[in-house]
């Protein structure tokens, strides 16, 4: 009997492991072929995540909420074609029109396709993001590129509730993080929070326009929302509820570690370029985009330590 028990336990463990996705943002390592994208991830009968692949090969996530009166989209994709594909595929879920659009992140990988959105769509955007979009649009026009499609007005408070008909959502500003105007979308009935680029699942912290210390506090506020059980990232894979919280905590730990390492290098009297050459990210060096984002993070946090990124 004992001779049979160990092989059976081993087989059960292997089967259990096969059912648990590898915790990574890399589709190849995760075991998901690129041909599987774009794809919907059903979160409930009325809410879907939408994962699309962007270069160099990880997901950009949008959120779809379906009410009786229409559809809300939180965050678009990085090109007109990609956003149009998302809108077209949304018709396989419901014939209802897309009426609301939440600007979770003002970065181009989420807003560059906004001209594909319906012309009468209702935007929800933070004032900080609206100001940035205006700058981006002016720069685009000056470079003879199309102007950035944007809302005319911004939120006037940190929380805005929208009734989609049969389901309500809360648009929340919990503080600056990846951008100056990070918005999150809470769906109370489904106990989930779409965090846009404030949560990058197993993607090295991207800090081109980030606020490091504030980002950590913003995540703490998200984790403190007692009614939320599932956290949806803006990049990386959508996880089940328990894993999503664990991975959000892990991402918070990566932010703390990255800031501590930059602080250590600066305190050692190094120049920025010396710090870039000598940095040791430990386990986070294996995360997606680590090599690309490393020098950007160091330079940004350097200015934050100097008090220049207010």
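The values are calculated or read from the model by the stated rules, or taken from the named source; none is laboratory data. Because the structure is predicted, anything quoted here is derived from the model rather than measured. No Cβ is skipped: glycine too gets one built from the backbone with ideal geometry, and neighbour counts run over all protein chains shown.
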Residues being within 16 Å of the chain's Cα centre (by Cα), farther than 18 Å from residue 231 by Cβ and in a strand (DSSP E or B) - total across the stretch 43-69: 3
- prompt: So how many residues does the stretch 257-285 have that are assigned to a helix (DSSP H, G or I) and exposed (fewer than 13 other Cβ atoms within 10 Å of the Cβ)?
  reply: 9
- request: Determine the pairs where a residue that is without any contact (Cβ under 8 Å) to a residue 40 or more places away in the chain, located within the stretch 287-302, has a partner that is assigned to a helix (DSSP H, G or I) and surrounded by fewer than 17 Cβ atoms within 10 Å (Cβ to Cβ) with Cβ atoms under 7 Å apart, the partner being 6 or more residues away or on another chain.
  value: 298/272; 299/272
- request: Answer yes if at least one residue in the stretch 53-65 is more than 24 Å from residue 233 (Cβ to Cβ) and either in contact with a strand residue (DSSP E or B) (Cβ under 9 Å, 6 or more places away or on another chain) or modelled with pLDDT under 95 (or both), and no otherwise.
  value: no
task: Name every residue in the stretch 219-240 that is in contact with a strand residue (DSSP E or B) (Cβ under 9 Å, 6 or more places away or on another chain), surrounded by fewer than 18 Cβ atoms within 10 Å (Cβ to Cβ) and either under 21 Å from residue 110 (Cα atoms) or free of Cβ contacts under 8 Å to residues at least 24 places away in the same chain (or both), in order of residue number.
output: 240
